[in-house]
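Student: Have a look at this one.
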Amino acid sequence: MGDSGTQVKSAVCPHDCWDTCALRVHVQDGRVVRVTGDPDHPTTRGFVCVKVGHYHERVHSPDRVLYPMRRVGPKGSGQFVRVSWDEALRYTAGRLREIVDRYGGEAVLPYSYCGTMGVLNYGSMDRRFFHRLGASRLGRTICSSAGKAALLYTYGDTLGPDPEDMVNVRLILVWGVNVVHSAVHQAPILREARRRGATVVHIDPYRNGTEKLADWHLSPRPGTDAALALGMMHVILAEGLEDREFVEAHTVGIEALRERAREWPPERAAAVTGIPAADIERLARLYATRKPSVIRAGYGMHRHTNGGMAIRALALLPALVGAWRHPGGGLLLSNSGSYRWNAARLERPDLMPTPRPREINMIRLGEALTTLADPPVMALVVYNSNPAAVAPNQNRVLQGLMREDLFTVVHEQLFTDTCRYADVIFPATTQMEHTDLHSSYWHLYAMLNEPAIAPLGEAVPNTEFFRRLAAAMGFTEPCFRDSDEELLLQALEGSAAARTVAPHLEGRAQAEAALRYLREHRWVKLDRTPVPFAEGARFPDGKIRLFSEAMAAAGLDPVVQYVPPAESAEGAPDLYRRYPLHLITPGAHHFLNSTFSNLPSLLAAEAAPTVYLNPADARVRGIGDGEWVRVHNDRGEAYLKARIADRSDPGVAVSPGLWWGLLSPGGQNVNSLTTDREADMAGGAAFHTNLVEVEPVSPEKAAALDAELAERLRGRLPPGRAAAGAVAAP
Ligand SMILES: Nc1nc2c(c(=O)[nH]1)N[C@H]1C(S)=C(S)[C@@H](COP(=O)(O)OP(=O)(O)OC[C@H]3O[C@@H](n4cnc5c(=O)[nH]c(N)nc54)[C@H](O)[C@@H]3O)O[C@H]1N2
Ligand SMILES: Nc1nc2c(c(=O)[nH]1)N[C@H]1C(S)=C(S)[C@@H](COP(=O)(O)OP(=O)(O)OC[C@H]3O[C@@H](n4cnc5c(=O)[nH]c(N)nc54)[C@H](O)[C@@H]3O)O[C@H]1N2
Ligand SMILES: [Mo]
């Protein structure tokens, strides 16, 4: 008990973020009143980001969906009436059955991503349900698939060093990760490493504030990182700076890589990246000689049409200089391979019909809804995601969601953009109201979340929603009755967490011991080697692939190559003449994708949908700071407020997102401009590969936009804060 009857409970942050924090939840009279960071958790260190510091506002937001609802007005009108769970389930099951009978199971498409990263609510009962139904499978590519594929091709696993060990390395390349906005618990580690003598280099076309944590900032043109890495490899190999012993013992293909690197003298890399050749040489020498070193990579450079190859190029660097020998060294893009939750038990792929149903890439949702036949998509079941706001090529997506004959079911916590297009909406619990297990793609702590408050309204977790839907569909397999407790144990069976807690036990007994331990201690640090690739890769022969047969078989360059981004001066000269600005669209400081984008405090801090322009680009277009602009390309348009700042080089515009369309002038956000083209590996998304033009708007239009934004935000800003006021500096 804290003061004045406040109870402090423990929880885990569920969001799709590197840091996966341990939370302290302050509860008063059954309401969450405050959320803080757990001081006992080694990477959370007692603080949370500005977003999660407002999680309580999300839990008790007036936007919460608290009861099942059924559409009454025309599609997209946002008119719904409350119905009972029974009625909503009966109606949904009836419509799904009709569709499956007429078109087959593949006419149903699930759409989910990482609204919660909880192991159970991310994927368990839901997957069983769709497998049993024979629904189309969803390719969950929107975030990390291209980069993970590159790691798998190179190392056979998605592992990196322990971030806590990074305080002891002497060189950190912070490459395409937005530390101050998207990975804030990396910041104290960078500071501590520097205090101990490390050099930090920040490589990003967007000066997002992370450069202030670094000794040196380099600004490559968007989508050119593979060329930068190839230039570095050229210098390293030409000057004999590679770790010969490591390369010989633990890699295959050095001759092929040597040949490729020879084609990339620093001058060529400079012409592509815009980084002076002398800087590329300096970076290469620094990288090869200052040891131990780590590349702290993010997903920025992989959200491009050539993003898989960008990560492939980065992944080769630590193998060349033997950076994997040292704790904290190597490359950290993802540690998700460390956890080994029992996905097969949870998801039951064996329930799927043979042959397996078709897979639909989630970033091509608009296309799938508007053009697919044999069968067409007739039902869409959305949970853990807000596709109307987060998916690329938004006009196409909305066109699909507007189809009168599409049956759309949404299970949500809040009334989002996607809810607007639903036929039935079901209420979902937040992390404060349900149980789950968590891993991180950054640190190595397995964590347990238990409810801090009772579910609000009639909300249920994803697991329960699909349990109920399965019953309504008449699915009788016992696995559709597994409780959350049972699912926790299934997830833990054979997992790294269970093996850490109870190495002397096996199977069920081990899982039970792990769950008991987590209930008592809340987290456990995985017993995992600090040097995952010190003895080579996770392939049967142990060799890191500098040359990859698997890449060749997939039609990729088996070594590594730079291909210009599909939308760029080099990659599409005609398009570039019409749309000469490269637009990148990373996460905003106060929002997490489209999560948090409805909260008054955070909306006030972001103030207006924004695009950062370089002063030179603004000047030639007659655009002043704080003015509305129209940003457009062949896919669509967005009205944004221009901020003129030296945050990017000329030719590069940055729009942090994501605003809800419901709260944006014109009703759409920046994804009306983004490409739904697939990246070079694993169908990944290319949110940062866009060419656009930016133009000023008339004073009348500007006044109308101000009025529209104020109207959309009415009642959402704290008292005294006008809409579209000064944009708070992140
Ligand atoms: N505040 C906040 N935090 C978040 C999120 C959010 O939306 N807001 N999203 C969460 C999610 S889902 C994820 S996956 C992570 C993602 O977090 P990050 O890995 O940081 O990924 P991004 O934000 O896409 O981009 C990171 C940086 O890469 C830069 N970048 C873009 N193109 C290039 C390029 O070609 N080369 C290089 N070197 N850099 C480039 C961008 O300018 C940006 O500063 O963050 C999570 N955390
Ligand atoms: N332009 C642009 N677009 C992007 C990106 C970008 O960098 N630029 N980033 C992309 C990336 S990295 C990602 S990961 C995707 C993210 O795309 P999404 O996974 O769709 O992410 P969010 O916008 O956070 O929306 C998640 C939704 O899930 C809901 N939710 C949360 N928890 C639960 C739950 O337990 N149950 C249910 N049923 N619902 C829940 C939330 O209320 C929220 O509305 O967006 C992508 N979109
Ligand atoms: Mo993501």
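The values are calculated or read from the model by the stated rules, or taken from the named source; none is laboratory data. Note that this is a predicted model, so its numbers are computed, not measured. Cβ: placed from backbone, ideal geometry, glycine included. Neighbour counts: every protein chain shown. The accessibility values were calculated without ligands, DNA or RNA, using every heavy atom of the protein model including side chains. Shrake-Rupley method; radii C 1.70, N 1.55, O 1.52, S 1.80 Å.
Student: What number, in percent, do you get for the relative contact order of the stretch 3-59 if the mean sequence gap of Cα pairs under 8 Å and at least 6 apart is divided by its residue count?
Tutor: Details: 97 pairs, mean separation 14.8, N = 57.
Relative contact order for the stretch 3-59 comes out at 26 percent.
Student: I would also like to ask the following. Quantify, in whole percent, the carbon and sulfur part of the accessible surface of the stretch 3-59 (1.4 Å probe; protein heavy atoms only).
Tutor: Taking all protein chains in place, the stretch 3-59 shows 45 percent carbon and sulfur surface.
Student: Could you provide, to the nearest whole Å², the per residue accessible area of the chain with probe 1.4 Å? Could the numbers behind the result be given before it?
Tutor: Values: 24950 Å² over 730 residues.
Counting only protein heavy atoms, the per-residue value for the chain is 34 Å².
Student: For the stretch 537-590, which whole percent of the accessible surface, found with a 1.4 angstrom probe, sits on carbon and sulfur atoms? Write down the numbers at each step before the final one.
Tutor: Working: 1360 of 2410 Å².
Of the solvent-accessible surface of the stretch 537-590, carbon and sulfur hold 56 percent.
Student: Just the number, please: Stokes-Einstein D of the chain in µm²/s, Kirkwood Rh from C-alpha pairs, 25 °C, 0.890 mPa s.
Tutor: Numbers: Rh = 26.3 Å.
The diffusion coefficient I find is 93 µm²/s.
Student: Further question: How high is the relative contact order of the chain, given as a whole-number percent (alpha carbon pairs under 8 Å, six or more residues apart)? Walk me through the numbers on the way to the answer.
Tutor: Numbers: 1699 pairs, mean separation 136.9, N = 730.
Result for the chain is 19 percent.
Student: Could I ask something else about it? Show me 393-406, 502-515 ranked by packing, highest mean number of other Cβ atoms within 10 Å first. Write out the running numbers ahead of the final one.
Tutor: On the way: 393-406: 19.3, 502-515: 16.4.
Packing order, densest peptide first, comes out as 393-406, 502-515.
Student: Sort by residue number and name the cysteines in the chain that have no neighbouring cysteine Cβ under 4.7 Å.
Tutor: If one checks each Cβ against the other cysteines of the chain, C17, C49, C114, C143, C419, C479 turn up with nothing under 4.7 Å.
Student: When only C-alpha pairs under 8 Å and at least 6 residues apart count, what is the relative contact order of the stretch 1-106, in percent? Don't skip to the end; give the middle numbers.
Tutor: On the way: 133 pairs, mean separation 14.2, N = 106.
Result for the stretch 1-106 is 13 percent.
Student: Hey, any idea what % of the stretch 204-292's accessible area is carbon plus sulfur with a 1.4 Å probe?
Tutor: It is 48 percent, rounded to a whole number.
Student: Mind checking which of C479, P110, V65 is farthest towards the positive end of the chain's charge dipole, using Cβ charges of +1 (Lys, Arg) and -1 (Asp, Glu) about the Cα centre?
Tutor: V65
Student: Take the alpha carbon atoms of the stretch 490-649, find their radius of gyration, then divide it by 2.2 N^0.38 Å using N residues; give the quotient. Don't skip to the end; give the middle numbers.
Tutor: On the way: Rg = 25.5 Å, N = 160, 2.2 N^0.38 = 15.1 Å.
That ratio works out to 1.68.
Student: Same structure, new question: How much of the DSSP bridge set in the chain is antiparallel, in percent, rounded to the nearest 5?
Tutor: Values: 39 of 83 bridges.
Of the beta bridges lying entirely in the chain, close to 45 percent run antiparallel.
Student: Taking Cα centroids, how far is the stretch 169-232 from the stretch 622-670 in Å?
Tutor: If we compute the Cα centre of each part, the gap is 25 Å.
Student: Quick one: net charge around L489, please, counting Lys, Arg +1 and Asp, Glu -1 for every other residue with C-beta under 14 Å from its C-beta. Can you show the working numbers first?
Tutor: Details: positive: R345, R508, R516, R519; negative: D436, D482, D484, E485, E486, E493, E506, E512.
Counting the neighbours of L489, the net charge comes to -4.
Student: Let me ask something else about it. Among L152, N342, V377, whose Cα lies farthest out toward the positive end of the dipole of the chain, if unit charges sit on the beta carbon of Lys, Arg (+1) and Asp, Glu (-1)?
Tutor: After comparing all options, I get N342.
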